[in-house]
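Some notes on the structure that comes next.
The values are calculated or read from the model by the stated rules, or taken from the named source; none is laboratory data. Keep in mind the model is a prediction, meaning the values are calculated, not measured. For neighbour counting, all protein chains shown are included, and Cβ atoms are generated from backbone atoms with ideal geometry for every residue, glycine included.
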Amino acid sequence: MKKNLIRIGILIVTIGCMLSIWPLGVIMKESESKSKAALYYNSGPIKDAVVFKQTFIPKHNYIESISIQMNRDNTFEKGHEGEVLFVLKDENEITLSKSVTDLNQVTNKDYYEFVTKTFVKKGKKHTYTIQVTECESEGPSVRFGDSMDIELEENQLLSYGGADFPEYSTVALYRYRGELGIWDVLQFETILLFIASLFLFQINRENKFEQKKDKNGLNE
Amino acid sequence: MQYKIKKNYIQLIQWGFILIFGGLCVSLSFNNNIWTDEAFTMQILHQDYWGIILGTAIDVHPPLYYLIAKTAQLLFGTSLLVQKLITILPVLLLMIYATRVIKRLFDEKVSLLFILMLMAFPAITEYAVQVRMYTWAMLFVTICGVTAYDLFLESKKSKWIIFTLVGLAAAYTHYFALLSVALIYGYLLLAFLIWKRKEVKKWFLMSIITIIAYSPWIAVWVWQLLKVAEEYVIPDITAKTVISYFDWAFNTGTPFSTQIYELLFILSAALLIRNIVKKSEKGESVYALWMMSIPILTTTIGVIISELMNPIFNSRYVFPAMALLFLGFAIGLRHLNMISITILGCFLVSSFGSQYQETRYVEYRSTRVVETEAFFEENLQEDDLIVYNFTGYGFIYEYYFPDNELIYLGDMDFAREFETVWYMDTYNQLYFDDKLLENYQLNKEFVGNYGIEHDEFKLYKITKR
């Protein structure tokens with residue numbers, strides 16, 4: 001009776017774990033989309049009211065981070081002072097993630113990762129804006145390229161200082177956590193079944209061993 | 001009768017997996033993607049046999065693989081496809097070997113699990129189509145390890161000959177395969193000392209023969225060792241690097257796959273230790289644990305040598321010994337019930353599916369080689385010069401542009417006569433000073449974004465005004 005309860009418990013836990021993998025999708029897989037190497041341009045300086053804005057459509061439901069490239073050469077003489085305000089919003093203009101970074105921390109002409117760690121709506125338009133404040137120099141710029149060369153499916157409309165630049169696209173790297181592929185799901189489901197089978201196998205062995213012992217006892 | 005049907009059924013499954021694996025590996029071969037080491041292979045194959053031996057002597061590896069590749073080239077042609085097929089071959093031979101010898105020494109469950117684990121090994125598809133020596137070294141090391149057990153059970157002249165030959169073949173293929181083989185020799189001696197002392201004499205005789213047969217290369221080996229002690233291209237080994245070896249070995253791209261394999265490893269080792277404690281199939285279990293320790297010891301020794309000298313160990317150098325780890329796995333897990341083994345088999349097949357998908361992406365879609373080749377096919381003239389600014393890819397460019405003059409930007413004299421220069425500008429490499437355009441009256445026109453392997457560059461056409 002007790003053994004049967006343990007067996008049922010193992011089965012319930014296993015089925016629960018399997019369902020949490022699929023269809024519930026508790027475990028997610030990391031993936032990323034990155035701009036192709038291209039002829040890069042620098043936007044004009046971003047500072048105070050002059051904002052750099054990129055609309056994009058995420059490929060998955062959770063976004064770990066968005067990395068972009070900034071050129072800080074113009075801020076060199078003033079010691080790169082200033083703060084970078086990064087804001088990610090959904091299609092209803094609701095802020096999903098916001099961060100303020102010291103301009104000194106931002107890598108020059110290479111990817112700088114703005115950690116977002118937020119759920120987004122796959123396939124829906126989102127925007128992120130980059131704004132620099134407290135900056136005495138002319139202000140840094142953001143790198144972008146021709147959309148055809150950048151080849152980043154997510155990127156939609158790029159705006160700078162209130163004007164739209166439909167043919168251009170930010171140099172970016174989107175890091176996601178997304179749903180598992182079929183092979184991943186199969187690996188998880190089978191390994192869970194395997195672990196369960198080991199426990200059940202062990203219980204059966206013990207059962208047989210006890211039965212054998214009882215039988216021997218009776219025989220005596 | 002029922003047993004025979006079951007036996008044939010397992011055999012059929014084994015052959016089915018071998019055929020599927022072979023077919024899928026071949027499907028990964030129809031591309032022209034190579035990296036630096038493969039470019040070296042293709043370059044050295046321009047030499048004759050003696051040239052190859054001399055060429056490898058001044059490099060850092062022994063020559064056997066290149067001689068096999070050269071023979072394949074002479075027999076089947078100079079294409080990259082032939083070379084890729086030649087590196088798939090040893091994996092298939094190893095699987096076939098499992099259906100014969102491993103099955104004979106253990107049973108069909110072990111040979112089936114071994115084949116499935118080899119298929120599921122995350123690096124296997126990548127290395128099976130990489131024109132390097134690793135799969136051949138794996139074949140030799142594994143046969144050496146299995147023959148050691150066979151020899152221990154029954155000492156026969158033919159087995160001693162096979163053992164010596166495959167050991168030598170491994171040693172002439174890769175130095176870390178030599179290290180793995182040395183460990184197998186050591187374990188065999190230990191087994192003889194403990195259980196069969198009268199065989200020790202034969203072991204010493206065979207070891208002397210092996211050393212004599214390897215002596216022509218020992219001087220080269222010492223010279224190469226001194227060379228790499230001074231300078232080698234492998235980055236420093238840190239704790240992070242050591243942890244990354246596990247990911248290299250077991251990460252299929254699925255979250256927690258490394259941990260899952262580690263769990264299987266612990267389970268398998270625990271079952272083997274239980275067998276030893278219970279004294280059931282003790283010899284077999286000791287053998288399995290020893291074989292599982294070979295890749296671990298190879299790595300440990302590699303890391304220690306790297307610490308004492310220069311970093312000379314790379315995760316891929318343990319590849320030749322990895323099949324022995326899977327053999328140990330298979331032996332450890334063989335006594336699970338058939339349902340558990342079937343489910344484990346399904347896990348291994350899905351693990352293979354995952355890594356095949358990943359390798360297919362890497363081989364066919366991760367680079368811009370196809371469009372770059374198409375562009376140059378259409379636009380490159382015989383007298384055009386190709387200038388690049390990324391020295392690390394010099395070897396690779398030589399493979400892709402065998403008929404044109406290739407010049408590193410730092411060595412380019414723009415005063416010389418030329419019609420067209422195609423300049424491949426890799427980001428963050430040597431800077432092209434635009435003053436050159438004025439000084440030499442040049443036009444520089446951006447053509448597009450292209451790439452070879454993982455080097456993406458902007459392509460410019462430079463002509464004289």
* In region A:181-203, which residues are facing another protein chain (nearest Cβ under 7 Å) and either touching a residue at least 60 places away in the same chain (Cβ under 8 Å) or aromatic (Phe, Trp, Tyr) (or both)? -> A:Trp183, A:Asp184, A:Leu193, A:Phe194, A:Phe201
* When only residues in region A:53-67 that are among the charged types (D, E, K, R) and at pLDDT 95 or above count, which is nearest to A:Gly178 (Cα to Cα)? -> A:Glu64
* **Looking only at region B:453-462, and only at residues there that are in contact (Cβ under 8 Å) with a residue 60 or more places away in the chain and part of a strand (DSSP E or B), the one that is farthest from A:Ile150 (Cα to Cα)** => B:Ile462
* Asked: Does A:Asp164 satisfy being at the interface with another protein chain (Cβ under 9 Å from one of its Cβ atoms) and either more than 29 Å from A:Glu77 (Cα to Cα) or more than 18 Å from the chain's Cα centre (by Cα) (or both)?
  -> no
* Asked: If you check A:Thr55 against the conditions, is it under 18 Å from A:Phe144 (Cα atoms), among the hydroxyl-bearing types (Ser, Thr, Tyr), within 14 Å of another protein chain (Cβ to nearest Cβ) and within 27 Å of the chain's Cα centre (by Cα)?
  -> no
* Structure fact -> Filtering region B:298-318 down to residues that are closer than 17 Å to B:His61 by Cα and in a loop (DSSP other than H, G, I, E, B) yields B:Asn310, B:Pro311, B:Ile312, B:Phe313, B:Asn314
* Structure fact -> Cβ pairs under 7 Å, 6+ apart or interchain, first in region B:90-108 and outside the structural domain of B:Glu126 (by TED's automatic domain parsing), second surrounded by 23 or more Cβ atoms within 10 Å (Cβ to Cβ) and not β-branched (Val, Ile, Thr), ordered by first then second residue, are none
* Go through (1) surrounded by fewer than 19 Cβ atoms within 10 Å (Cβ to Cβ); (2) part of a helix (DSSP H, G or I) and name the single condition B:Ala170 misses. => (1)
* To do: Only strands (runs of 3 or more DSSP E) wholly contained in region B:335-452 count here; list those with 1 or more residues that are touching a residue at least 24 places away in the same chain (Cβ under 8 Å), within 14 Å of chain A (Cβ to nearest Cβ) and on the phi > 0 side of the Ramachandran plot.
  => B:442-452
* Structure fact -> Going through region A:1-47 in order, the residues found to be among the β-branched types (Val, Ile, Thr), closer than 30 Å to A:Phe86 by Cβ, within 12 Å of chain B (Cβ to nearest Cβ) and surrounded by 14 or more Cβ atoms within 10 Å (Cβ to Cβ) are A:Ile27
* Asked: Yes or no: A:Val132 touching a Phe, Trp or Tyr at 6+ places or on another chain (Cβ under 7 Å) and surrounded by 21 or more Cβ atoms within 10 Å (Cβ to Cβ)?
  -> no
* **Among (1) touching a helix residue (DSSP H, G or I) at 6+ places or on another chain (Cβ under 9 Å); (2) at pLDDT 90 or above; (3) of a type in the set (D, E, K, R) - the single one A:Arg72 does not satisfy** => (2)
